[in-house]
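Here the structure comes first, spelled out in structure tokens, and everything after it is commentary.
Every read-out reported here was derived from the displayed coordinates using simple, explicitly stated rules and does not represent laboratory data. Remember, predicted model here, so these are calculated numbers, not experimental data. Ideal geometry is used to build each Cβ from the backbone, glycine not excepted, and the neighbour counts take in all protein chains shown.
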Amino acid sequence: MIKVMEAISRWAIPMVVLVIPLWGVVRGVKVYEAFVEGAKQGLLTTVRITPYLIAMFVAIRVFQVAGGMDLLLQVIASPLRLLGIPPEVVPMLLIRPLSGSGALSMLRELLHIHGPDSLIGLMAATIQGSTETTFYVITVYFGAINITRARHSLPIGLWADFVGFIAAIYACLWLFG
């Protein structure tokens, strides 16, 4: 069974890369022209969303450099400890909805300090996989298609991030704590 799974995983991507263009040719699609048109649209989308990305990254960095993150952690550290939540993982809750690369950097730092098999390392890794970059998604995707009113998307996305954070913490406490 393991050899079959290894063969499938070794050939899955090459087969997809081969099958999709062949399927297009069979259906009469001009594959190369469609690819070039898609690449052109992707480039235009990149140019259109760049200002939104720059604004978001600058705001995150200003918050960190100004000491907002440290101040916030000082205020909420004690109540979190009472709930069994290590304050070290709280920056993941705050940064993950804003920036995937920022959260990944934070994860790397936590793994370096505490180790990948520590409870904090396991919690941070689980949070990384259980939450989304909500502000990034709204900024980039909504900006790409010119949606200016996110309406309920932001509160629902942040609620889902919070639930994912809490579920990750307590799942790790239950399984590894």
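Table for the structure above
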item: Cβ crowding within 10 Å averaged over residues, with 74-85, 109-120 ranked highest first; result: 109-120, 74-85
item: Integer Hz, Karplus 6.51/-1.76/1.60 couplings in order for the range 36-53, x for Gly and Pro; result: 5, 5, x, 5, 5, 5, x, 5, 5, 5, 4, 5, 5, 8, 4, x, 5, 5
item: Phi to ³J(HN,Hα) by Karplus 6.51 cos²θ - 1.76 cosθ + 1.60 over the range 92-100, Hz, x for Gly, Pro; result: 5, 5, 7, 8, 3, x, 8, 8, x
item: Three-way shape label, the range 35-109, alpha-carbon gyration tensor, a/c 1.5; result: prolate
item: Computed [θ] at 222 nm, helices only, for the chain once each DSSP H run of length n ≥ 4 contributes -39500 (n - 2.57); result: -26000 deg cm²/dmol
item: Zero-based 10 Å bins, Cα pair distances in the chain, whole percents; result: 8, 25, 26, 24, 13, 4, 0
item: Euclidean distance of C-alpha centroids, the range 78-130 and the range 1-72, integer Å; result: 25 Å
item: Rough spin-label spacing in nm, given labels placed 7 Å along Cα→Cβ, for V62 and H112; result: 2.7 nm
item: Ordering of 91-97, 123-129 by packing [mean C-beta count within 10 Å, highest first]; result: 91-97, 123-129
item: Cβ-Cβ FRET estimate between M15 and V36, R0 fixed at 22 Å, reported to 0.05; result: 0.40
item: Local electrostatic count at L119 - Lys and Arg +1, Asp and Glu -1, tallied over other residues with Cβ under 14 Å; result: -1
